[in-house]
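J.: Attaching a single structure in structure tokens format; questions to follow.
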């Protein structure tokens, strides 16, 4: 009887501890995900919209430059030579302009300095490229970006024409046509980036640094209905150099950039950034290149090593 009294408390204690032990064994382990933020090496791509400054578009204005880089006057300009001189029967050429304007005689159309191109501007372009990112710690990083864009310049010019039956009335009509330019841009950015905030998912960030660009003119032409006239390579004044490519059509420029946006950690391996990037840089086209503000808006996607 004494032994039973001693064993009974031990038996009850053993029964009470069984559920507790079972519960502890059934609970799964919670594994913490280690978000490294900006830390480490990241590589990715960029895709966005590029808004170039319109100042450099003046190189496509149809005047052109001589071999010394001097801007031509109207009488020697590319457009005058190509539209007027090379369509003058008195100079031994066939008039290709009159049929495009729907007039009969060469005297029924004219092109003057007041008809030269206006409203020259770049269209918004796609900007794409590669992005490298080395995180010093969870918030600070060094960045390097290499982006490319193909730009299109548009402008308007006019040619005046009249109907042969109204020559005595001198009723001239302005016919508007398009001037087009195309250009390649390469943009290199080196800088510093910093994440603002402590969230493991989404934080604002800022960046800044220096930038280098290369701008290269590809083509410049006017479109008169179905007739396309190339203005890219031309210098009639210098014999033997009719197809020279002017140094002013290809140049390197420098400047600085800044940026801010939203940094989103999708998972430990992938990060995306939505950002706005203004830059103040010199576009080295033409004899008098300008330094101006440009803008880009886009998305970066990183793979985190």
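J.: I'm told residue 119 meets every condition in (1) outside any loop (DSSP other than H, G, I, E, B); (2) more than 21 Å from residue 223 (Cα to Cα); (3) touching a residue at least 12 places away in the same chain (Cβ under 8 Å) except one. Can you identify the failing condition by its number?
T.: Single failed check for residue 119: (2).
J.: Being modelled with pLDDT under 90, part of a helix (DSSP H, G or I) and more than 33 Å from the chain's Cα centre (by Cα) narrows it down to one residue among 31, 23; which is it?
T.: Details: 31 fails: part of a helix (DSSP H, G or I).
Exactly one residue qualifies, and that residue is 23.
Residues checked against (1) farther than 30 Å from residue 74 by Cα; (2) in a loop (DSSP other than H, G, I, E, B); (3) modelled with pLDDT of 95 or more:
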residue: 90; (1), (2), (3): no, no, no
residue: 104; (1), (2), (3): no, yes, no
residue: 130; (1), (2), (3): yes, no, yes
residue: 138; (1), (2), (3): yes, yes, no
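J.: Looking at residue 158, is it more than 23 Å from residue 183 (Cβ to Cβ), at pLDDT 95 or above and surrounded by fewer than 19 Cβ atoms within 10 Å (Cβ to Cβ)? I'd like the intermediate steps shown before the answer.
T.: Values: more than 23 Å from residue 183 (Cβ to Cβ): yes; at pLDDT 95 or above: yes; surrounded by fewer than 19 Cβ atoms within 10 Å (Cβ to Cβ): yes.
Criteria met by residue 158.
J.: Tell me which residues, restricted to the stretch 34-64, are modelled with pLDDT of 90 or more and assigned to a loop (DSSP other than H, G, I, E, B).
T.: 52, 53, 61, 62, 63
J.: Answer yes if at least one residue in the stretch 76-89 is in contact with a helix residue (DSSP H, G or I) (Cβ under 7 Å, 6 or more places away or on another chain), under 22 Å from residue 156 (Cβ atoms), in contact (Cβ under 8 Å) with a residue 40 or more places away in the chain and crowded, with 21+ Cβ neighbours inside 10 Å, and no otherwise.
T.: Looking for residues that are in contact with a helix residue (DSSP H, G or I) (Cβ under 7 Å, 6 or more places away or on another chain), under 22 Å from residue 156 (Cβ atoms), in contact (Cβ under 8 Å) with a residue 40 or more places away in the chain and crowded, with 21+ Cβ neighbours inside 10 Å, one finds at least one in the stretch 76-89, hence yes.
J.: Can I ask one more? I'm told residue 70 meets every condition in (1) modelled with pLDDT of 90 or more; (2) within 17 Å of residue 233 (Cα to Cα) except one. Can you identify the failing condition by its number?
T.: So residue 70 meets the others, but not (1).
J.: What number goes with the only condition from (1) more than 22 Å from the chain's Cα centre (by Cα); (2) at pLDDT below 90 that residue 249 does not pass?
T.: Unmet condition: (1).
J.: Would you please name the residue that is surrounded by the most Cβ atoms within 10 Å (Cβ to Cβ), looking only at residues in the stretch 123-155 that are over 13 Å from the mean Cα position of the chain (by Cα) and over 21 Å from residue 44 (Cβ atoms)?
T.: The selected residue is 155.
The values are calculated or read from the model by the stated rules, or taken from the named source; none is laboratory data. Nothing here was measured: the structure is a model prediction, and the numbers come from that model. Methodologically, a virtual Cβ is constructed for each residue, glycine included, from the backbone with ideal geometry; neighbour enumeration extends over all protein chains shown.
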